[in-house]
Amino acid sequence: MKYFLLLLIPFALFGNLNYAFNHNEEIKILDSFDIDASFLFDKKLNDMRVRNSQVYRSKHFFHAMDHAYIYIPAVKKILSQYNIPPEFLYLAMAESNFSNRAYSRKRAAGLWQFMPSTGKSFGLRIDEYVDERRDPIKSTKAAAKYLSSLYKRFGKWYLAAIAYNCGGGRLSKAIKEAGSDDLSILLNKKKRYLPRESRLYIRKIVSFALLGYDDKFLLESEYAHILNRASAFSMSTVKLPSGESLKRFAKTIDLPLKTLKKLNRHLKYDFVPPYKKDYEVYIPYVKLNDFKQKYRRDSVKNIYKIHVVSNGDNLSYIGKKYGVPYKVIMDFNNLKHTRLKLKQKLIVPIDVTSKTVKINTKHYYLVKKGDTLESISKAHKVSIKNIRQQNRLRGSLIRVGERLKIYE
């Protein structure tokens with residue numbers, strides 16, 4: 001019996017050391033939020049930790065990590081640049097489960113769940129073509145600026161996190177009513193200084209952070225590779241010209257269109273916005289070399305159709321016909337008003353995902369430099385014979401600026 005107990009001593013000591021190590025790590029995590037170590041004994045926090053370790057072990061935690069691994073390194077880097085604790089990565093998890101597709105009933109969108117007005121105030125572009133609240137890089141920079149301003153205002157990171165949820169004005173009111181900014185006082189259930197959502201919110205972020213740094217949880221889950229993998233994968237930013245087709249671009253660099261669109265959910269259409277300057281698009285880092293070697297700007301884009309204005313046409317009708325908002329047509333044609341002229345030529349950018357575009361529709365194609373009947377035939381999937389018949393062409397000679405009827 002003596003010998004058996006002696007054998008158990010090393011294991012007991014190792015267990016105690018492991019516990020001490022985890023406990024010290026937990027204190028460090030709380031310290032990063034400027035929260036006192038005593039918060040580890042908060043009943044609701046511990047109930048949440050137990051519940052999350054069960055629910056997120058099976059799906060949510062690692063499902064979220066698995067989908068976001070490609071831009072997690074970039075998010076961490078931006079937080080570091082703004083001197084924001086890395087644990088604030090889990091604020092994004094609490095907000096959106098790391099999904100840049102997330103959209104709330106209150107119209108908050110993206111990884112960091114910005115409201116339109118707040119997003120715009122921190123430099124995010126939201127218009128007919130893009131919603132940069134869904135841009136993983138630009139939205140993270142905006143969130144970092146916002147959190148930095150909240151920290152500067154309130155002086156503690158846990159207060160910045162709470163203000164991110166309920167607003168700076170609401171938090172100031174709570175602190176004034178409580179006569180303190182101490183977390184244990186602000187979270188008083190009976191006094192209700194803070195909304196219930198905010199009282200749970202800070203606990204949720206902390207519980208996620210504790211879960212994410214829990215070696216035992218990660219190892220037992222068999223998903224430890226996800227956080228490690230995040231350091232090996234990342235994405236690159238490239239600039240594409242106005243109106244570039246995402247489909248053509250993806251094909252050029254041998255990247256699945258689905259992957260390209262997943263990284264660029266801030267783009268509302270399957271083409272680059274018609275801004276004067278080039279627009280930034282994200283690709284996996286491993287495809288950067290393909291971009292440099294294979295991508296060439298092309299002035300001829302298959303997504304454009306030329307519509308010639310006829311009697312009864314108006315921008316609303318033309319937009320519905322091609323499945324494109326009339327404002328997009330105005331922007332692509334630099335129109336300052338909605339009045340149209342007969343035989344006026346309009347460039348219409350076609351969203352290839354639109355279900356309202358009819359396949360068997362007549363349109364016109366404006367011949368550009370370098371075009372041949374063969375290239376036009378391939379681009380529009382019609383035979384050369386068909387193009388000749390519709391346009392009464394005898395040979396293969398076509399001229400730049402010539403308008404050809406195309407029946408798809």
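Miscellaneous remarks
- Identity of the residue in the stretch 302-314, within 31 Å of the chain's Cα centre (by Cα) and open to solvent by less than 30 Å² (accessible area, probe 1.4 Å), that ends up modelled with the highest pLDDT: Lys305
- Scan of the stretch 52-92 for residues that are acidic (Asp, Glu) and at pLDDT 70 or above, ordered by number: Glu87
- Filter result (of a type in the set (Ser, Thr, Tyr) and open to solvent by 20 Å² or more (accessible area, probe 1.4 Å)) within the stretch 66-97: Tyr69, Ser80, Tyr82
- Filtered by the rule that a residue be under 24 Å from Val324 (Cβ atoms) and polar (S, T, N, Q), the stretch 254-270 gives a lone residue, Asn264.
- Total residues in the stretch 385-404, condition out of contact with any strand residue (DSSP E or B) (no Cβ under 6 Å at 6 or more places or on another chain), surrounded by 14 or more Cβ atoms within 10 Å (Cβ to Cβ) and not in a loop (DSSP other than H, G, I, E, B): 3
- Residue match in the stretch 98-106 (condition: assigned to a helix (DSSP H, G or I) and either surrounded by 15 or more Cβ atoms within 10 Å (Cβ to Cβ) or not charged (D, E, K, R) (or both)): no
- Lone unmet requirement of (1) more than 17 Å from the chain's Cα centre (by Cα); (2) within 19 Å of Pro86 (Cβ to Cβ); (3) of a type in the set (Gly, Ala, Ser) for Ala163: (2)
- Subset of the stretch 250-280 (residues that are under 16 Å from the mean Cα position of the chain (by Cα) and among the β-branched types (Val, Ile, Thr)): Thr259, Val272
- Among the criteria (1) modelled with pLDDT of 95 or more; (2) surrounded by fewer than 18 Cβ atoms within 10 Å (Cβ to Cβ); (3) assigned to a loop (DSSP other than H, G, I, E, B), the one Glu177 does not fulfil is (3).
- Long-range neighbours under 6 Å by Cβ, at least six apart or interchain, first residue among the β-branched types (Val, Ile, Thr) within the stretch 334-348, second open to solvent by 80 Å² or more (accessible area, probe 1.4 Å): none
- Single residue of the stretch 107-124 satisfying the filter (touching a strand residue (DSSP E or B) at 6+ places or on another chain (Cβ under 8 Å) and crowded, with 17+ Cβ neighbours inside 10 Å) that is farthest from Tyr282 (Cα to Cα): Ala108
- Of all residues making up the stretch 154-167, the number that are open to solvent by less than 10 Å² (accessible area, probe 1.4 Å) and among the small types (Gly, Ala, Ser): 3
- Scanning the stretch 180-202 for residues that are within 13 Å of Cys166 (Cα to Cα), open to solvent by 20 Å² or more (accessible area, probe 1.4 Å) and in a helix (DSSP H, G or I) yields Arg196, Glu197, Arg199, Leu200.
The values are calculated or read from the model by the stated rules, or taken from the named source; none is laboratory data. Note that this is a predicted model, so its numbers are computed, not measured. Every residue, glycine as well, gets a Cβ built from its backbone with ideal geometry; the counts of neighbours run over all protein chains shown. SASA here: full protein model, heavy atoms, side chains in, ligands and nucleic acids out. Shrake-Rupley method; radii C 1.70, N 1.55, O 1.52, S 1.80 Å.
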